Amino acid sequence: MTTDSDALIAHLGGRTPADQRPEPTPADRSALLAHLRERAQAIRRCDLTLIHRGGVGHPGGDLSAADILATLYFAALNIDPANPLAPERDRFFLSKGHSSGALYSTLALRGFFPVEELDTFAQPLSRLNAHPSKKVPGVEANTGPLGHGLPIAVGCALAAKMSRAAWRVYVLVGDGELDEGTNWEAAMAAAHHQ
């Protein structure tokens, strides 16, 4: 089912090159921002609930990611929750894997799996582990050890470039992992191969 918000997002963030898109009106921008604010608040509510129920989590890191995740998943990423492994999908990597609660909340709200499954976060035999798991639709890579997400994302971006693919790669890193040498090596590789 397509909503007015979906149509607006497709209009503002579609695959047309930015220089060929019509300039959105102030009303369009206001509607999109209101929609994204509402989605970010919903992510925060779901996240705090699942952390409380699960008895584990990192609310600070999760809450700091909510606006970014809302913007990516509800306005920027070319994704289809019904086909999470579509070859031409955009890729998102949560390198700061300790913020998995925010990612799971986002994926559930976007329709990758039922919101009710969030109640199983960090429970025995749940696929919603305390760090992102590829068992969950929409998760591109298992992350958690600091410094792993950015190198994986850079490798995927290079693969897209080499195969002339249209999909884009996004990664969210945390401040604590910027001390990891793998991140700096990945950043230098990305700059070298841009």
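The values are calculated or read from the model by the stated rules, or taken from the named source; none is laboratory data. All values reported here derive from a predicted model rather than from experimental measurement. Ideal geometry is used to build each Cβ from the backbone, glycine not excepted, and the neighbour counts take in all protein chains shown. Keep in mind that these areas ignore ligands, DNA and RNA; they rest on the heavy atoms of the full protein, side chains included. Shrake-Rupley method; radii C 1.70, N 1.55, O 1.52, S 1.80 Å.
What is the magnitude of the charge dipole of the chain about its Cα centre, with +1 placed on the Cβ of each Lys and Arg, -1 on the Cβ of each Asp and Glu, and no other charges, expressed in debye to the nearest 20?
Values: 18 positive and 21 negative charges, 60 e Å.
I would put it at about 280 debye.
Roughly speaking, what is the centre-to-centre gap between segment 170-185 and segment 139-158 when only Cα atoms are used, to the nearest Å?
A separation of 10 Å, based on Cα centres.
How much solvent-accessible surface does Thr49 expose, in Å² to the nearest 10, with a 1.4 Å probe and all protein chains in place?
Looks like 60 Å² after rounding.
Keeping all protein chains in place, calculate the accessible area per residue for the chain (probe 1.4 angstrom), answer in Å².
Numbers: 10410 Å² over 194 residues.
Per-residue accessible area for the chain comes out at 54 Å².
Taking amide H atoms as placed 1.01 Å from N in the peptide plane, list the residues 5 or more away in sequence, or in a different chain, whose amide H sits under 5 Å from that of Arg91.
Under 5 Å from the amide H of Arg91 lie the amide H atoms of Arg168, Val169, Tyr170, each far enough along the sequence or on another chain.
Sorted by accessible area (1.4 Å probe), largest first, how do Trp167, Trp184 line up? Walk me through the numbers before you get to the answer.
Details: Trp167 35, Trp184 145 Å².
I get Trp184, Trp167, largest accessible area first.
What translational D, rounded to a whole number of µm²/s, comes out for segment 57-97 from Stokes-Einstein when the hydrodynamic radius is the Kirkwood one over Cα pairs, at 10 °C and 1.306 mPa s? Before the final figure, lay out the partial values.
Numbers: Rh = 11.5 Å.
Here the translational diffusion coefficient equals 138 µm²/s.
Using mean Cβ contacts within 10 Å as the protection proxy, how do 108-115, 31-38 order, highest first? Provide the component values of the computation, followed by the final result.
Numbers: 108-115: 17.2, 31-38: 15.2.
Averaged packing, sorted descending, gives the order 108-115, 31-38.
Can you classify segment 59-138 as rounded, prolate or oblate using the Cα gyration tensor, where a ≥ b ≥ c are the square roots of its eigenvalues, rounded means a/c under 1.5, and otherwise it's prolate if a/b beats b/c and oblate if not?
Details: a/c = 1.69, a/b = 1.21, b/c = 1.40.
Oblate.
Please report the carbon-and-sulfur percent of the accessible area for segment 34-116; probe 1.4 Å, protein heavy atoms only, DNA, RNA and ligands left out. Walk me through the numbers before you get to the answer.
Values: 1960 of 3400 Å².
Taking all protein chains in place, segment 34-116 shows 58 percent carbon and sulfur surface.
With θ taken as phi - 60° and the coefficients 6.51, -1.76 and 1.60, list the Karplus ³J(HN,Hα) couplings across segment 147-157 in order, rounded to whole Hz; mark glycine and proline as x.
x, 9, x, 5, x, 5, 5, 4, x, 5, 5
Ranked from highest to lowest mean number of other Cβ atoms within 10 Å per residue, what is the order of the peptides 116-124, 71-79, 97-105?
Values: 116-124: 15.3, 71-79: 19.2, 97-105: 27.8.
Ranked by mean Cβ neighbours within 10 Å, highest first: 97-105, 71-79, 116-124.
Kindly identify the chain as rounded, prolate or oblate by the Cα gyration tensor criterion: order the square roots of the eigenvalues as a ≥ b ≥ c, call it rounded if a/c is under 1.5, otherwise compare a/b with b/c, prolate if a/b is larger, else oblate. Present the calculation step by step, with values, prior to reporting the outcome.
Details: a/c = 1.67, a/b = 1.07, b/c = 1.55.
Cα axes put the chain in the oblate bin.
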